[in-house]
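The values are calculated or read from the model by the stated rules, or taken from the named source; none is laboratory data. All of these numbers come straight from a predicted model, not from anything done at the bench. Glycine gets a Cβ as well: all are built from the backbone with ideal geometry, and neighbour counts include every protein chain shown. We work out accessible area using only protein heavy atoms, side chains counted, and drop any ligands, DNA or RNA first. Shrake-Rupley method; radii C 1.70, N 1.55, O 1.52, S 1.80 Å.
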Amino acid sequence: MAGTDPSQAPDERLIDLVIKELGEPLSDSEMRSLETFDAADVGRLRRDLERAAAAVTLAARLTDEPLPGRVHARLERQAADFFARPSAVASASSTPGVSDLDTRDRKAPAGEAPVTGLSVRATAVRRPPALGNSAGWWAAAACLALAAVGWLRSPSPLTASPASTTAGGLVDAAPSPATLRAQLLASGHALRAEIPAGKDPASSGVTGDVVWDPVSQRGYMRFVGLKPNDPALQQYQIWVFDAGRDQRYPVDGGIFDVPAGGGDIVIPIRVGVPVRAAKAFAVTVEKPGGVVVSAREHIVALAQLT
Amino acid sequence: MSSSVLQRIASGDQGAVRVCIDLYGALVWSLARRLSRSIADAEDATQEIFLDVWKSASRFDAAQGSEKVFIAMIARRRLIDRLRKITAEPPMESEEVLDSIVWAEPGSAQETASEAEQAARALQELKPDQRRVLELGLLHGLSQSEIATKLGVPLGSVKSLMRRGLIKVREYMNIDAERVAAGS
């Protein structure tokens, strides 16, 4: 097994795995090896070594460059947007004092569907196959066998719908994603595209559309017929193809779940970075919490703006 | 103890965000420049890092470390994530730049946080090859295999050097933390 020496003492093996994880993704076998250790020990070691690595970074005599004015301005706009969503701060504040700094938000701010996954962890990042455009996603989907047995069969019942996956209280007061989508559509500023039938069996019978406002960077995907998922096993993840970026690496648009019963659901698209010119939106099936780069094994929806 | 910038952000103080950008903008930008493929990429990374910082602000615990180290942790993670996502190649820096790292002297003005001073002290005690491996892995984002190739040493040696080096840094930080806790 690459990177794992069976003759190595367990403590050393654990340390080596965590150190490797600091800088690069672990292989599946390494992940399995890591999972054999006590989770609390792993968490403690991970925290200690990350702190040590950060301190080493600070100990280097970096040539400090002042933050460019344009970046400063972008950050201030971003901050305004961040605070314009009270749930963003509330969401962060309500998190218990965890030592693990994984900032991936698996649950949405109050009143909205799951927010963009913002993983700052290097684990389980897989390099994608070099597909040059979004059409390649469908080709990949058509070529890959459907293996997600747990995905399509007997999904566990969810406790909340996509529009109410966060703690209650504020949910009722906030407009539903469907209402917000309708308002955005009525504004006349938004672009809209249908979701055509896909080739992946998991996308069979899925219809819907995407509504996207390039100015406000807000958008929604509506689905009918998307199969319920068990979030403990897999989750859906939205991707935005931006004409201004490398098409091999679409922008993460957030993860979401479909509750038992499914039906007509509307999911907000939440991007963590500016999308300059959205040209397509895709939905993949990923591991819980989503991924930084999709392996594109299951593409269940793809809508192209024209 | 007065509220830190991150604690203020966590409590919803929007003004603290500007302070946060002013205080840590150069640090984040410098790290982003070092570990990004282009200026545009560094700009995007800087935005993502600050968003991560704001969203994680409530998780900051001053008892566990400095604000600066907390932000450096977030920045480092995000940048490594992006680096691995964007390319299988090493970051944009040239060989000359790769060779240009100079570690801060303990007690000198280059130190940016007490934990960095502890790390600097530990680094001084490391063997040159241990320091070099940490430098390539932590500051330049090279994978262990890339480091092995670059230095012409077996992968196992790289792992061993990294392990010993980082454990030494951790020991120094823990020892100092215990000393501080004991009030000495």
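When B:L23, B:L31, B:L27 are checked against the criterion of being more than 10 Å from chain A (Cβ to nearest Cβ), assigned to a helix (DSSP H, G or I) and either in contact with a His (Cβ under 8 Å, 6 or more places away or on another chain) or within 25 Å of A:A53 (Cβ to Cβ) (or both), a single residue qualifies: B:L23. On the stretch given as the range A:32-75, residues that are at the interface with chain B (Cβ under 7 Å from one of its Cβ atoms), assigned to a helix (DSSP H, G or I) and of a type in the set (D, E, K, R) total 4.
Going through (1) in contact (Cβ under 8 Å) with a residue 40 or more places away in the chain; (2) farther than 20 Å from A:A84 by Cβ; (3) open to solvent by 40 Å² or more (accessible area, probe 1.4 Å) one by one, A:A182 falls short only on (1). Selection within the range A:267-305: residues that are among the β-branched types (V, I, T) and more than 14 Å from chain B (Cβ to nearest Cβ). The member of this set that is nearest to A:T207 (Cα to Cα) is A:V300.
Tell me the residue from A:S99, A:S7, A:S91, A:S87 that is modelled with pLDDT under 80 and more than 27 Å from the chain's Cα centre (by Cα), please. Result of the check over A:S99, A:S7, A:S91, A:S87: A:S7. The numbered conditions (1) part of a helix (DSSP H, G or I); (2) touching a residue at least 12 places away in the same chain (Cβ under 8 Å); (3) within 14 Å of another protein chain (Cβ to nearest Cβ) are all true for A:P25 except (1).
The set of residues from the range B:56-70 being in contact with a Leu (Cβ under 7 Å, 6 or more places away or on another chain) and at the interface with another protein chain (Cβ under 7 Å from one of its Cβ atoms) comprises B:S56, B:A57, B:R59, B:K68, B:V69.
Taking the range B:146-161 as the range and being surrounded by fewer than 16 Cβ atoms within 10 Å (Cβ to Cβ) and at the interface with chain A (Cβ under 10 Å from one of its Cβ atoms) as the test, the residues that pass are B:L155, B:G156. Just one of the listed residues (B:E105, B:E93) is open to solvent by less than 60 Å² (accessible area, probe 1.4 Å), assigned to a loop (DSSP other than H, G, I, E, B) and modelled with pLDDT under 90, namely B:E93. Looking only at residues in the range B:1-17 that are at the interface with another protein chain (Cβ under 7 Å from one of its Cβ atoms) and assigned to a helix (DSSP H, G or I), the one that is farthest from A:A73 (Cα to Cα) is B:A10.
Scanning the range A:217-264 for residues that are surrounded by fewer than 22 Cβ atoms within 10 Å (Cβ to Cβ), at pLDDT 85 or above and in contact with a Ser or Thr (Cβ under 8 Å, 6 or more places away or on another chain) turns up A:V224, A:G225.
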